[in-house]
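Novice: The structure follows.
The values are calculated or read from the model by the stated rules, or taken from the named source; none is laboratory data. This one's a predicted model, so the numbers in the text were calculated from it and none came from an experiment. Glycine gets a Cβ as well: all are built from the backbone with ideal geometry, and neighbour counts include every protein chain shown. Quick note on the areas: whole protein, heavy atoms, side chains included, nothing else; ligands and nucleic acids left out. Shrake-Rupley method; radii C 1.70, N 1.55, O 1.52, S 1.80 Å.
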Amino acid sequence: STFTSTATPPYSYHPLYLSLTGSQTIGGVTSADEDVLRFDGHNWSLLFDGSDVGLVSTDLFAFSVLDADTILMSFSTNVTVNGISVTPQDIVRFDATSLGSTTAGTFSLYFDGSDVGFDTGSENIDSLSLLPEGRLLISTIGNPSVPGLNTGRDEDVLAFTPASLGAAT
């Protein structure tokens, strides 16, 4: 018998992104609950510094990194960003001009939850992901009750196929 070894990549080709519920230091990187950390398999770094863009009074509750400079986000409380009033049932899009310890960019309303029946505290968004074909996967903190859905539980994932997005979702 001959043993054949398999090479293990020196780092992750698919980094881990996370946001914590409080201030912490991990791998020498300090973050708050409005930040996004990146782990490449060896090193931690700050991907998104929420305090740089005015997010000091809310918790980043759900997010999805779309590409090198675009992140979808939902927050735990009502917040105003770039003059846009956002509720925990909404999703904003952040288009970065810079990320990391000096985060800058603009927010725009991506998903107006009230337009599609997300209008109670149980429908606060706690997880989201955008599929390549454009469907939005959403989970809520409670049991959602939205048009076209008879029963929904907080552990379910809803698939939303948009006809339009933004202020007229």
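Novice: List the pairs whose first member sits in segment 56-80 and is closer than 19 Å to residue 32 by Cβ and open to solvent by 10 Å² or more (accessible area, probe 1.4 Å), whose second member is in a strand (DSSP E or B) and of a type in the set (A, V, I, L, M, F, W, C), and whose Cβ atoms are under 6 Å apart, counting only residues at least 6 apart or on separate chains?
Specialist: These pairs meet every condition: 61/75; 63/71; 63/73; 65/71; 76/61; 79/86.
Novice: Let me ask something additional. Would you call residue 122 open to solvent by 20 Å² or more (accessible area, probe 1.4 Å) and under 22 Å from residue 22 (Cβ atoms)?
Specialist: Values: open to solvent by 20 Å² or more (accessible area, probe 1.4 Å): yes; under 22 Å from residue 22 (Cβ atoms): no.
Here the answer is no, as residue 122 does not meet what is asked.
Novice: Inspect all residues belonging to segment 99-114 and state whether any of them is open to solvent by less than 10 Å² (accessible area, probe 1.4 Å) and within 17 Å of residue 139 (Cα to Cα).
Specialist: Yes, some residue in segment 99-114 is open to solvent by less than 10 Å² (accessible area, probe 1.4 Å) and within 17 Å of residue 139 (Cα to Cα).
Novice: Across segment 34-55, which residue is modelled with the highest pLDDT among those that are open to solvent by less than 40 Å² (accessible area, probe 1.4 Å) and more than 14 Å from residue 99 (Cα to Cα)?
Specialist: Kept after step one, since they are open to solvent by less than 40 Å² (accessible area, probe 1.4 Å), are these residues of segment 34-55: 34-37, 40-41, 46-50, 53, 55.
Checking the rest, the ones that are also more than 14 Å from residue 99 (Cα to Cα) come to 40-41, 55.
On the way: 40: 89, 41: 86, 55: 92.
Looking at residues that are open to solvent by less than 40 Å² (accessible area, probe 1.4 Å) and more than 14 Å from residue 99 (Cα to Cα), I get 55.
Novice: I've got another one for you. Regarding segment 123-142, can at least one residue be identified that is touching a Leu at 6+ places or on another chain (Cβ under 7 Å) and at pLDDT below 90?
Specialist: no
Novice: Another one. Can you tell me which residues in segment 22-50 are in a loop (DSSP other than H, G, I, E, B) and touching a residue at least 12 places away in the same chain (Cβ under 8 Å)?
Specialist: Of segment 22-50, the ones in a loop (DSSP other than H, G, I, E, B) are 22-23, 27-28, 32-35, 40-43, 49.
Residues satisfying the conditions are 27, 28, 32, 33, 34, 35, 40, 41, 42, 43, 49.
Novice: Kindly evaluate residue 98 against the criterion of being among the small types (Gly, Ala, Ser) and at pLDDT 95 or above. It would help to see each step written out before you state the result.
Specialist: Working: among the small types (Gly, Ala, Ser): yes; at pLDDT 95 or above: yes.
The answer is yes for residue 98.
Novice: Please enumerate the residues belonging to segment 125-163 that are open to solvent by 50 Å² or more (accessible area, probe 1.4 Å) and either of a type in the set (Asp, Glu) or at positive phi (or both).
Specialist: Correct list: 126, 133, 148, 154, 155, 156.
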